[in-house]
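To keep things clear, I will list the structure first and then write my remarks on it.
The values are calculated or read from the model by the stated rules, or taken from the named source; none is laboratory data. Being a predicted model, the structure only gives us computed values, none of them experimental. Note that we place each Cβ from the backbone using ideal geometry, even for glycine, and neighbour counts take in every protein chain shown. Ligands, DNA and RNA are stripped out before the accessible areas are found, and what is left, the full protein with its side chains, is counted by its heavy atoms. Shrake-Rupley method; radii C 1.70, N 1.55, O 1.52, S 1.80 Å.
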Amino acid sequence: MPVDLNILIGGEAGQGVVSVGAVLGRVMLRGGYEVFTDQDFESRIRGGHSFARVRVADRPVQSPREDTDMVLALNAESVLLHQAELTPGGVLIYDGHQTEVKPAGELNCLDIPIADIAVAAAGSLKMANTVATAAALGLLEYDFSLLSEVLEHEYGRHGQQVVEANIKAARAGYDYAAAHRPKGYAFPLKAGKPSGKLLLTGNEAVALGALAAGCRFVAGYPMTPSTPILEYLADKGREFGVPVIQSEDEIAAINMAVGAGYAGARAMTATSGGGFSLMTEGLALAGMTETPVVIVLGQRAGPATGLPTRTEQAELNYAIHAGHGEFPRAVLAPANAEEAFWLTVKAFNLAEKYQTPVIVLTDHQMADSYYTVAPFDLEAVTIERGEWLSQTEADRQGREHKRYAYTESGVSPRALPGIHQALVAADSDEHSEAGHIIEDAATRRLMVGKRLKKLTGLAAEINKPVLSRQPQADYTFISWGSGFGPVAEAVEILNGAGGKISHLHLAELWPFPASEVAAMLDGGGKPVVIESNATGQLVRLIQAETGINADIRINRFDGRPLSAAYILNQFQPEGAS
């Protein structure tokens, strides 16, 4: 029987909900399972309800389930909020002595004295989460040695004493759960051989992609959900020779990154909605000065502060059009951690080849969720630095160097400022080929045309959307970014029940692949666009670029992630009652 186990860990922010989820995910990964973990938390340091979901399967999973097979409740509120989400035969684990709550109905329950066991076994309440984690695994009869390995890895930096205390606490929680399994409850989960895969968040994958792409400068100001990118790179920066600067604000961050790009370093910044607003002047500066820079824009629910720890896809049009004036750019929206790595690599290459900003558009759901991914093939990473003048040619040109020389592609070969005889002049005003300020109409027209020519080259670099075609389809579901996993799962369920539904997914959104999308939708059934915003931003983009109307929409904009269950509940096939 296929394995598809969903474990929910609930508690207050600050109680270690995410840590328990991360440990469970890693234990399952070591047993050879595919894992998808997401989290839901409020925007406060401590207090407020939060939960993490760990989905474990024997096939790839990339989306959350809304029902759950096991609730691990760390406080009373979690019992009350989530007991109704249990599937038939599911189990609730809680500490009745601590929570003083009585679950409703005839649920399978394990009332385990988590706090008492932690104190008795390890002498510290700090081990309570370890006890709870082990209790969940005890009920599943899962291989305890895998938990020991993960605890040693997690706590090894704190010393062997801490490791041993956690393992003692875990052993006690595991044994208690195994000995007090609710009557009739059985869900044995057998661990297999490790797959060798990794468990990464989207943010970690972006950071790894930046390092693999040869990023040499990072500046940013912390803002959810992109902060973990900066933290990861700051941790690894010394090892990889990458300065990571926390600037005083986002204006400084992007201008630092543009400055580094101008000087020849591969540079990146990462931010979110309000921070990106502050960056738009710097974005336009990069467009005018034709300076390569990569910007990670992590979407969350806005406007303004909105729901800062929740998800949305409401900045697609903003990413495409942000900044004053007209200038080329590319916008890439990865679906998962694997794509986040590779599209980040691509973003650096496009930025330098076309000397222009490139935006990696993530969202909270993709950025903070853990995905199972195969190790990245670093041999497949290519570094494309675009057109540079050789030292000899730069020396020969000297003061005659034209930084913005008119070319067929719109891309002018660059000379690095300050390292040869070439005079590199750049200006944020409109300028001549030599980089000097101009006002005349003819040069203005030529320079605008030169910059916009890059769109042709960029468009040729954009990969086609991915189409999973169903013969004689009645509908084509269309997704972008993190919508891939939930939509793919919904399509699989519907087709498994006799439906005829194709799936078209876009990850590389600008320049928009209009002809490819139009061809893929031709004869593919009615388009149904599914996205996490209220106004249908992809719907309007498809209509503007292809003339195709997608009248059927499924939009989620309550800050919660798309899921297959949500899509199936919203989808109303024509003719259905």
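Distances between placed amide hydrogens fall under 5 Å for Glu508 paired with Ala333, all partners being 5 or more residues away or on another chain. For the chain, which whole-number percentage of the solvent-accessible area (1.4 Å probe, protein heavy atoms only) is attributable to carbon and sulfur atoms? Carbon and sulfur: 51 percent of the exposed surface of the chain.
Taking the charge dipole of the chain about its Cα centre, with +1 at Lys and Arg Cβ atoms and -1 at Asp and Glu Cβ atoms, the residue from Val487, Gly96, Val296 reaching farthest to the positive side is Val296.
Derived value for the chain: Kirkwood hydrodynamic radius 25.6 Å. Basis is the mean of 1/r over every pair of different alpha-carbon atoms. Beta bridges from DSSP with both residues in the chain: antiparallel share about 40 percent, rounded to the nearest 5. Only the Cβ atoms of Lys and Arg (+1) and of Asp and Glu (-1) were treated as charged; on that basis the dipole of the chain about its Cα centre amounts to roughly 560 debye.
Quarter the surface of the alpha carbon convex hull of region 469-577 and you get the mean projected area, 6.7 square nanometres. Given a cut-off of 23 Å, what percent of all Cα-Cα pairs of region 22-131 lie beyond it? In whole percent, the long-distance tail amounts to 36.
So which trypsin sites (Lys or Arg not before Pro) in region 45-126 end up in coil per DSSP with only 12 or fewer other C-beta atoms within 10 Å? When the trypsin sites (Lys or Arg not before Pro) of region 45-126 are filtered for loop state and at most 12 Cβ neighbours within 10 Å, Arg46 remain. Please enumerate, by chain and number, the aspartates and glutamates with C-alpha under 17 Å from the C-alpha of Lys102, excluding those fewer than 8 residues away in the same chain. In chain and number order, the partners are Glu77, Glu85, Asp111. Counting other C-beta atoms within 10 Å, and keeping those with at most 15, which DSSP coil trypsin sites (Lys or Arg not before Pro) do you find in region 480-553? Counting only loop positions with at most 15 other Cβ atoms within 10 Å, the trypsin sites (Lys or Arg not before Pro) in region 480-553 are Lys500.
An oblate overall shape is assigned to region 373-463, the ratio a/c of its alpha-carbon gyration tensor axes (a ≥ b ≥ c) being 1.5 or greater and a/b not exceeding b/c.
In this structure the amide hydrogen of Leu307, modeled in the peptide plane, comes within under 5 Å of the amide hydrogens of Ala301, Gly302, none closer than 5 places in sequence on its chain. Pairs to check: Lys197/Lys236; Lys454/Lys500; Lys168/Lys197; Lys197/Lys346; Lys236/Lys450; Lys168/Lys190. Give those whose C-alpha atoms are more than 30 Å from each other in this structure. Where the Cα-Cα span goes over 30 Å, the pairs concerned are Lys454/Lys500; Lys236/Lys450. Region 69-168: Rg/Rh from Cα coordinates, Kirkwood Rh? Value, to two decimals: 1.01. Split the chain at each of the GluC sites (Glu not before Pro) in a DSSP loop with at most 16 other beta carbon atoms within 10 Å, and the longest piece is 107-247. Charges were assigned to the Cβ only: +1 to each Lys and Arg, -1 to each Asp and Glu. The resulting dipole of region 314-420 about its Cα centre is roughly 540 debye. The alpha carbon convex hull volume per residue for region 126-207 rounds to 127 Å³.
Quick one: pull the percentage of alpha-carbon pairs in region 312-450 with a separation above 18 Å. Here the long-distance tail beyond 18 Å is 66 percent of all Cα pairs in region 312-450. In region 83-241, the inverse of the mean reciprocal separation of distinct Cα atoms equals 18.5 Å; this is its Kirkwood hydrodynamic radius.
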